[in-house]
Amino acid sequence: MRDGLFQDTQAKLLDPAIWRDLTAQPSWSLHRWGEFQTRTHRHWRHPQTLILKLNQIEIEMIGTHLKSKINRKKAFDDQGQLQAGYIEEAMNARVKLTTEAFDIRRYIERRFEQTPSPQIFVCGDMNDGPGRKFFEREFLFFDLISNLQGDVFSAQRFLNHALFDFEGELRWSTQFNDKLETWSRTLPQAQALPSEPVDSRRFQLLDHILFT
């Protein structure tokens, strides 16, 4: 560590009102998948942004805790078939999560408009992981994290995860038995899935993911 790096240090939390002024959307319209009815949504827990100044360098740490995807519907019937009510509940939760991630991305875009090459880290509990699991493959066709990362055509504004430089088999942060993903691999269409560096039924980069 360089001598004197922390001799001139300041830290403060960004007022959420400033965030909302930048995004111009304290709440936003939301459409459930396939519905025309307009609903509204806002951050379940508003992101907390730490502004850290190290000498002349300003760093923003955006701490997130997006809405939970807890699904209290019964997943399978007595014949082992996935139930429609469970799918609907899961889809509604994922749409809400995605709009929260998109609002974070909107804030990041506004910061790039204000400041050339801002130093931004996004971390916390996003209740999702990169990659497309069953619902993303069969129903949504996108994953939440891609909405947060940005546009690949604007490479300077594109976010990468903290394990970007790690070997593929090391890019996971939690281990558990994903029963739904395990079930989905028994479906005929699962045979066409590409190979993975790790078994995503057991190892996932999930929650508390760091992007920069």
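Screening I18, I51 for residues that are more than 20 Å from the chain's Cα centre (by Cα) and part of a strand (DSSP E or B) leaves exactly one candidate, I51.
Of everything listed in (1) crowded, with 16+ Cβ neighbours inside 10 Å; (2) outside any strand (DSSP E or B); (3) among the β-branched types (V, I, T), the single unmet condition for I70 is (1).
In segment 111-130, the residue that is modelled with the highest pLDDT out of those that are assigned to a loop (DSSP other than H, G, I, E, B) and either among the basic types (K, R) or out of contact with any helix residue (DSSP H, G or I) (no Cβ under 8 Å at 6 or more places or on another chain) (or both) is T115. Among the numbered conditions (1) within 20 Å of the chain's Cα centre (by Cα); (2) more than 17 Å from G150 (Cβ to Cβ); (3) among the aromatic types (F, W, Y), the only one that F36 does not meet is (1). State all residues of segment 148-195 that are surrounded by 17 or more Cβ atoms within 10 Å (Cβ to Cβ) and modelled with pLDDT of 85 or more; if no residue qualifies, say none. Matches in segment 148-195: L148, Q149, G150, R157, L159.
Regarding segment 81-100, can at least one residue be identified that is surrounded by fewer than 13 Cβ atoms within 10 Å (Cβ to Cβ) and not in a helix (DSSP H, G or I)? Yes, because at least one residue in segment 81-100 is surrounded by fewer than 13 Cβ atoms within 10 Å (Cβ to Cβ) and not in a helix (DSSP H, G or I).
The values are calculated or read from the model by the stated rules, or taken from the named source; none is laboratory data. Computed from a prediction, not measured in an experiment: that's the story for all the values here. All Cβ positions, even for glycine, are placed from backbone atoms using ideal geometry, and neighbour counts span all protein chains on display.
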